[in-house]
There are 2 protein chains.
Amino acid sequence: MTNKDTRTPASTQNPTETSEAAEAGKSIGWHKAYVEGSRPGLRVPVRQVHLTNGQSVTLYDTSGPYTDPLVDTDVRRGLAPLRENWIVARGDTEEYAGRPVRPEDDGIKHTSPRGGLRNLDAVFPGRPRLPRRGREGKAVTQLAYARRGEITPEMEFVAIRENVSPEVVREEIAAGRAVLPANVNHPESEPMIIGKRFLVKVNANIGNSAVTSSIEEEVEKMTWATRWGADTVMDLSTGRNIHTTREWVLRNSPVPIGTVPLYQALEKVDGKAEELTWEIYKDTVIEQAEQGVDYMTVHAGVRLAYVPLTANRKTGIVSRGGSIMAAWCLAHHKESFLYEHFEELCEILAAYDVTYSLGDGLRPGSIADANDEAQFAELRTLGELNRIAKRHDVQTMIEGPGHVPMHKIKENIDLQQEICEEAPFYTLGPLTTDVAPAYDHITSGIGAAMIAWWGTAMLCYVTPKEHLGLPNRDDVKTGVITYKIAAHAADLAKGHPGAQEWDDALSDARFEFRWEDQFNLALDPDTAREFHDETLPAEPAKTAHFCSMCGPKFCSMKISQDIRREHGGSRTEIEEGMAQKSREFAEAGNRVYLPIAD
Amino acid sequence: MTNKDTRTPASTQNPTETSEAAEAGKSIGWHKAYVEGSRPGLRVPVRQVHLTNGQSVTLYDTSGPYTDPLVDTDVRRGLAPLRENWIVARGDTEEYAGRPVRPEDDGIKHTSPRGGLRNLDAVFPGRPRLPRRGREGKAVTQLAYARRGEITPEMEFVAIRENVSPEVVREEIAAGRAVLPANVNHPESEPMIIGKRFLVKVNANIGNSAVTSSIEEEVEKMTWATRWGADTVMDLSTGRNIHTTREWVLRNSPVPIGTVPLYQALEKVDGKAEELTWEIYKDTVIEQAEQGVDYMTVHAGVRLAYVPLTANRKTGIVSRGGSIMAAWCLAHHKESFLYEHFEELCEILAAYDVTYSLGDGLRPGSIADANDEAQFAELRTLGELNRIAKRHDVQTMIEGPGHVPMHKIKENIDLQQEICEEAPFYTLGPLTTDVAPAYDHITSGIGAAMIAWWGTAMLCYVTPKEHLGLPNRDDVKTGVITYKIAAHAADLAKGHPGAQEWDDALSDARFEFRWEDQFNLALDPDTAREFHDETLPAEPAKTAHFCSMCGPKFCSMKISQDIRREHGGSRTEIEEGMAQKSREFAEAGNRVYLPIAD
C-alpha cells in the first residue's frame, strides 16, 4: 500500500497500526492509529483515513480513546491516567489528604442544611484518588521545566502531534509564547500545546446553568465536542452539582479542562457579589486545582478605577466575571481582591501547574463598544499580571474580545502581543456584527478566522444559541465545526507545515469523483454524506462522475477531465499538446482585438 | 411617537405610512413602509421596525410587494411593472415582434419533435407583452445616461435606498465603478446599485438541473431568497423548461435577474460543447434579453491560449462556463467565439441595457490552485473586455474566485481593481478551505466578508449544499443569511453611513432586555425567537431581565444595570460618582504592585 503521508500536522513517523484496527478501519474508511514516541506509553493518537485509491491520510485527532474500538471506555470508571507515570517520575509532587468536599461545593448549602450530597448517585464512582501538588517550594509547571531546558514527555507528545521538534516546543513554552495546560491532577489528558507557532486551537464551552441541564448532559457534551475536534473544553457550570459535574467531566476528558472559579465562588455566597472574599475564592481555586482543572480564567484585570470607564458604553460590562468583580469593587469601594492577591494566587497555581487564562472582564459586548478605553486599560493590566505570573513560573494566556468589527480586529491582536510579550491570545470570536442573533457562530467565525490568521493561539467557540439560550448537542457540534473551519483557514493562511495537505487530499478526491473519500476526509463526514444522498441517494451515485448540482452534461470537472483525456493521457502530454497548439495560435497572431491605448 | 431614524441605509426622509399599515405593523413589530421620491410612483420600500420603547428603526428591504399586505400579488399575473413609465418616457426604446419562442428553448427538441411546449400549463399566463429594445443605434443603458449627465428615476431610487445623493450614484455609474442592472424588459424590478461605494450586495443562485426540481420550486426559491435579503438572483437552470422557468421568475421578481446564457445554448446542442456556434449563442442571448434578464455571465475571457495553463492544476477548470468554452476551443483549436464576437455582443446588450458579468471561467477550484497563472491571465483579458464594453456604453462587472486561502484574498481584489479600472467585483465566496463540505457557506462566508471589506461590490452566496447537491428552501435561506452577515460586516468595516445604527439598535435592545425588539431587529427574527423559546418558552421570559444562558444570578448585563442603578441614576451621574471614587483611589496610590522593569 502506498502510504502517501499527508496529514495535519504531518508526523515524520508513520503511525503504527495493529493490523486488526487497520483492517477494520479500511471497511469504514478510517481508523484510530497512534504515532509512537521515544518511551513506552507515549503514543500520539491520529485519525488514519483510508482512501479508495490505496493511499492514506493521517489527520489530527482530539477525540480520545472513545473512538478507538480496541479501548474499553466507561464513563463511570473514567479514562486511564496516561500521564500519571510521567508526573510521578518527576519526583517533584506529593499526594496529600486534600480539602474535604463540602455540600456547598455543589451549591446545596441551603436546601440541604444538614450536609451531604442530595443525590448520592451523582458522585463520581471511579477509583479513589488523593490530590497531588508540588512539594514545598516547587513550581511543577511545564514553564519551569522548559526554562530549565527539560523536554518533558508532554512536550514530546505535542511535538509529534504538531510535527515540530521537541526543542521548538520547549523554546516556545520557555519564552511564554505557548502554554501546555496540564494540571498534575488531570493525568487523563492528552497533552495539548497552545501558541501561535502551533496549530490554532478551539475551545468549546459546556456547563449547566441555574435554569437547565444535567451532569449526564454535560459529560456527553464534552465527549461530543472533542469528537468533533474541540482542543480544550471549559466547564462553565453555574447551577447545581457544580463540583460533581466537574469531577465527572475531568475524569473522562482527554483534553485540558478550563473553568472560571469565580462562578462557583459566587454560588457559595448565594449570588451576592458583595459577599465574596479572597478566602472563599482561594478555597474554590484549591478545590478545583485538586480536581485537576488545567486552566482557570481569572478576572484580575478588572480594577476599581476602570469601572467608570464603562459608564458610557452601549452595553456596559458583558463578561459575567467582569461584572461580578466590578460589582464587588463598587460595593466595597476597594481594589479587586483578585488583583491584590495575585502573587498568592500564582503560588497556588504553580503548585498544581494550573495555567492562567487572564480574563478580559471589560471586553466589549457590542460593535459600538469595541476597542474602547475600558478594554485597553484592562489589557495593559493583563500585561502587568502576565509578567508577574511568569516570575512565578505560571503558564499564562490572555483572553480577548468579544464584539469587534473587522477593521478593528487587527489592533486587538497587535496590542495584545506587544503588551503581553507574545503570550498566547485566546479570543472569543470576535463577533463582527450584532444584527444576527441565532447565527453568531457565523458572525464570530468570520472574526475568529481573521484574528487567528494574525496570531491568536486559541479560539473560544460561539454556538448558534449565543445571546439566546443554552446550546444543545447540535449547537455544540455546529459551534465546534464552525470554529475548526476558522482555525484551519488560519493554519492555511499562516502556512502551517502540512496544513494544506489535508485540503489537497480532499481536492484530489473531488476532482477524481472519489465521493467516499471526500466524505471520509471531510471535517464532518456524516453531514457531507447526508447532504449528497438527499439529492442523489442511490449507491451508484457515489461513484458517478457528476453530482446533482449540474447533472452529467454540465459537470465542469468531468469536462475538464475529458479535455485531459482526449488531448493527452497525462498532464505533461496534454500540456505539450496544448502548448503546441497554443504556439500555432500565437504564430497566427494570437489576438482578435487590437491593443487598446490606456 | 419618537421616530428615531436609525436605518441601513438611513434615508434623509421619513417613510410615509398609511396609518392602516403602520397600525397593523405595530402589533407584529414591523410593517412595510415606503420612502417617496420626487415623482409619483417612485416609492422606495423599507422595513419599518416598531420598538417596544416607542422608537422605530428603518431597515433596507428587498422582499418586494410580497411583504406588503396592502398589495395583492399573484404569481400567475406577475408583479406590477413599476419602471414601465420611466422606460417609455425616455422615448429611446421601441416594442417589436421579437424572436418566436421555440420548443428547443425549453430543451424539448427531441422528445417533442413536432414543436409546441409539452406542458402548456407551464406557460406563464400573465399579460401578453412585446419585447422592447433601443431604437436603431441607441444605447439605452444607465451607463449612457449617466455619462450624458442624466439622473434617471432608477438612479434616484437607489440614491434613496442607499442614503446618498443621486449625483453620487450618477458619478459612480458614469465612471464604471458601479452598475445598475435594469433590462428594459424587466420593468417589474426595483432598481439596485452594485458598486464598492454602496452597500455590499448578495446574489442568490436558483435553478433546476437535469436531475431535479420544478418551475414552481424555482419561483418559490426566488421569492424566498429575496424575502431573506438577496439583492439579485441568478437563474442557473440547466434542465427542462429552461425558458419558461425564467419567464415565471422574471415576471415575479422584484430584484435584478442574472443568467449564464451559455448553459441554455449548450442545451440547444444536446450538451455537445463542440457543436456550439456563435449564432446559437447570439440567438440565446437575444431570447433572454427579450425576456428581461438584467445581467448575463459571459465567459469571454477563457481564451484558447490559457487552457494549457490549467493542465497542472489540482482541480482543472471548475467553472461550468469555463470548461464548456475550453472544450470548444480545444475541439476546434480556435480562439473562443465569445472573445471573437465580443464587440457584436456589446451591441446586443446595449440595446436592452443588459449588464455584463464577465465570468471567471478559469477561477481556482481548490486552495492549491488559487492565484495561479491561468486565473490571472484571464483577469487581464477581462480588463481588456471591460474597456471594450464601456466603449459601447455597456455596464460591466467582473466575476471573481472561488477557492482562495485568506492570505491570498487581498491580491485578488487589488489586481482586479487595478486591471479592470475599479469595475464592480462580483465574487463567489471565496472559500478559505476545502476540508468542510456541507459547511461551505461558512468556509466561504469568511472569505466573502474579507473581500467585501476590501472592495468587492457583490457576493455570490454559497449554500451548505455546495459541492454536494442542489439547495433546498432551507439551504437557500441559510446561504442568504450567511452572506447578508458577511455583507453587513463589510459595510460596518467600510464605515458605510448608517450601517452601525442597525447594530446599535439591536445592542440597545439587548442591554435593556427588550427581547421582542431583539427578535424583530434580527436578520432572522423567526430563528432568533425559536432559539430563545427552546430554552425559556414561557411568555414572561420575553420580558425577563436575564436569559437561560446564565440564569438570573449570573447575568452580566443585569449586574451591569444594577451597578448603574445603585451608583447613580444616569450614565452621567454614575460616571461622576465613580470618577470621584476613582480619584480617591488614585490619590491613595492607585496600585498594588510596584512597577516592573521592562
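Applying a threshold of 7 Å to beta carbon distances and a minimum spacing of six or more residues, or different chains, the list of pairs starting in region A:159-177 at a residue that is touching a residue at least 60 places away in the same chain (Cβ under 8 Å) and ending at one that is of a type in the set (D, E, K, R) and assigned to a helix (DSSP H, G or I) reads A:Gly176/A:Lys390.
From B:Ala457, B:Ala449, B:Ala490, B:Ala438, which residue is modelled with pLDDT of 95 or more and in contact with a strand residue (DSSP E or B) (Cβ under 7 Å, 6 or more places away or on another chain)?
Working: B:Ala449 fails: in contact with a strand residue (DSSP E or B) (Cβ under 7 Å, 6 or more places away or on another chain); B:Ala490 fails: in contact with a strand residue (DSSP E or B) (Cβ under 7 Å, 6 or more places away or on another chain); B:Ala438 fails: in contact with a strand residue (DSSP E or B) (Cβ under 7 Å, 6 or more places away or on another chain).
Among B:Ala457, B:Ala449, B:Ala490, B:Ala438, only B:Ala457 is modelled with pLDDT of 95 or more and in contact with a strand residue (DSSP E or B) (Cβ under 7 Å, 6 or more places away or on another chain).
Taking B:Thr463 as the residue in question, decide whether it is more than 7 Å from chain A (Cβ to nearest Cβ), assigned to a loop (DSSP other than H, G, I, E, B) and at pLDDT 95 or above. Yes. Taking each residue of region A:430-457 that is more than 13 Å from B:Ile446 (Cβ to Cβ) and aromatic (Phe, Trp, Tyr) and looking for partners that are assigned to a helix (DSSP H, G or I) and modelled with pLDDT of 95 or more with beta-carbon atoms closer than 7 Å, six or more apart or interchain, yields A:Tyr439/B:Ile481; A:Tyr439/B:Ile485; A:Trp454/A:Lys410; A:Trp454/A:Ile413. Looking only at region A:413-434, residues that are part of a helix (DSSP H, G or I) and either among the acidic types (Asp, Glu) or within 12 Å of chain B (Cβ to nearest Cβ) (or both) come to 3 in all. For region A:446-454, the criterion of being at the interface with chain B (Cβ under 9 Å from one of its Cβ atoms), within 20 Å of A:Leu379 (Cβ to Cβ) and surrounded by fewer than 24 Cβ atoms within 10 Å (Cβ to Cβ) is satisfied by no residue at all. Mind listing whichever residues of region B:150-187 are surrounded by fewer than 23 Cβ atoms within 10 Å (Cβ to Cβ) and among the small types (Gly, Ala, Ser)? Hits for region B:150-187 are B:Ser165, B:Ala174, B:Ala175.
Could you please let me know if B:Ile388 is more than 14 Å from chain A (Cβ to nearest Cβ), of a type in the set (Val, Ile, Thr) and in a helix (DSSP H, G or I)? Explain how you work it out, then say what you get.
Numbers: more than 14 Å from chain A (Cβ to nearest Cβ): no; of a type in the set (Val, Ile, Thr): yes; in a helix (DSSP H, G or I): yes.
No.
For A:Pro437, the conditions (1) within 17 Å of the chain's Cα centre (by Cα); (2) part of a loop (DSSP other than H, G, I, E, B); (3) crowded, with 24+ Cβ neighbours inside 10 Å all hold with the exception of (1).
May I ask you to say which residue of A:Glu274, A:Glu267 is buried (at least 23 other Cβ atoms within 10 Å of the Cβ), touching a residue at least 40 places away in the same chain (Cβ under 8 Å) and charged (D, E, K, R)? After applying the criteria, what remains is A:Glu267.
Within region A:322-338, the residues that satisfy the criterion of being facing another protein chain (nearest Cβ under 8 Å) and either surrounded by fewer than 23 Cβ atoms within 10 Å (Cβ to Cβ) or small (Gly, Ala, Ser) (or both) are A:Gly322, A:Ser323, A:Ala326, A:Ala327, A:Leu330, A:His333, A:Glu335. Of the residues making up region B:179-200, those that are within 25 Å of B:Gly91 (Cβ to Cβ) and in contact (Cβ under 8 Å) with a residue 60 or more places away in the chain number 14. Taking the criterion of being modelled with pLDDT of 80 or more and either part of a loop (DSSP other than H, G, I, E, B) or more than 14 Å from A:Arg240 (Cα to Cα) (or both), the residues of region A:207-223 that qualify are A:Gly207, A:Val219, A:Glu220, A:Lys221, A:Met222, A:Thr223.
Criterion first (buried (at least 24 other Cβ atoms within 10 Å of the Cβ) and either more than 9 Å from chain A (Cβ to nearest Cβ) or under 24 Å from the mean Cα position of the chain (by Cα) (or both)) does B:Glu399 satisfy it? When the stated conditions are applied, B:Glu399 passes them.
When the test is whether a residue is of a type in the set (D, E, K, R), under 19 Å from the mean Cα position of the chain (by Cα) and either surrounded by fewer than 24 Cβ atoms within 10 Å (Cβ to Cβ) or more than 9 Å from chain A (Cβ to nearest Cβ) (or both), B:Asp393 does not pass it. Can you pull out the residues in region B:39-74 that are buried (at least 19 other Cβ atoms within 10 Å of the Cβ) and part of a strand (DSSP E or B)? Hits for region B:39-74 are B:Val44, B:Pro45, B:Val46, B:Arg47, B:Gln48, B:Val49, B:His50, B:Ser56, B:Val57, B:Thr58, B:Leu59, B:Tyr60.
Looking at region A:250-300, which of its residues are in a loop (DSSP other than H, G, I, E, B) and of a type in the set (S, T, N, Q)? Steps first, answer last, please.
Of region A:250-300, the ones in a loop (DSSP other than H, G, I, E, B) are A:252-256, A:260, A:269-272, A:276-277, A:292-294, A:299-300.
Of everything in region A:250-300, those that are in a loop (DSSP other than H, G, I, E, B) and of a type in the set (S, T, N, Q) turn out to be A:Asn252, A:Ser253, A:Thr277.
The set of residues in region A:458-499 that are aliphatic (A, V, I, L, M), within 21 Å of A:Val164 (Cβ to Cβ) and in contact (Cβ under 8 Å) with a residue 60 or more places away in the chain comprises A:Met458, A:Leu459, A:Ala487, A:Ala490, A:Ala499. If the condition is being within 19 Å of A:Ile442 (Cα to Cα) and out of contact with any helix residue (DSSP H, G or I) (no Cβ under 6 Å at 6 or more places or on another chain), then region A:365-399 contributes only A:Gly365. Taken as a whole, the condition of being modelled with pLDDT of 90 or more and basic (Lys, Arg) does not apply to A:Arg114. Taking the condition facing chain A (nearest Cβ under 9 Å) and of a type in the set (Ser, Thr, Tyr), does B:Tyr263 pass? Against the criterion (facing chain A (nearest Cβ under 9 Å) and of a type in the set (Ser, Thr, Tyr)), B:Tyr263 qualifies. If you go through region B:178-188 one residue at a time, do you hit one that is assigned to a helix (DSSP H, G or I), under 24 Å from B:Ala490 (Cβ atoms) and over 12 Å from the mean Cα position of the chain (by Cα)? Scanning region B:178-188, I find no residue that is assigned to a helix (DSSP H, G or I), under 24 Å from B:Ala490 (Cβ atoms) and over 12 Å from the mean Cα position of the chain (by Cα), so the answer is no.
The values are calculated or read from the model by the stated rules, or taken from the named source; none is laboratory data. Small disclaimer: the values here were computed from a predicted structure and weren't measured. Counting neighbours? That spans all protein chains shown, and the Cβs are built from the backbone with ideal geometry, glycine included.
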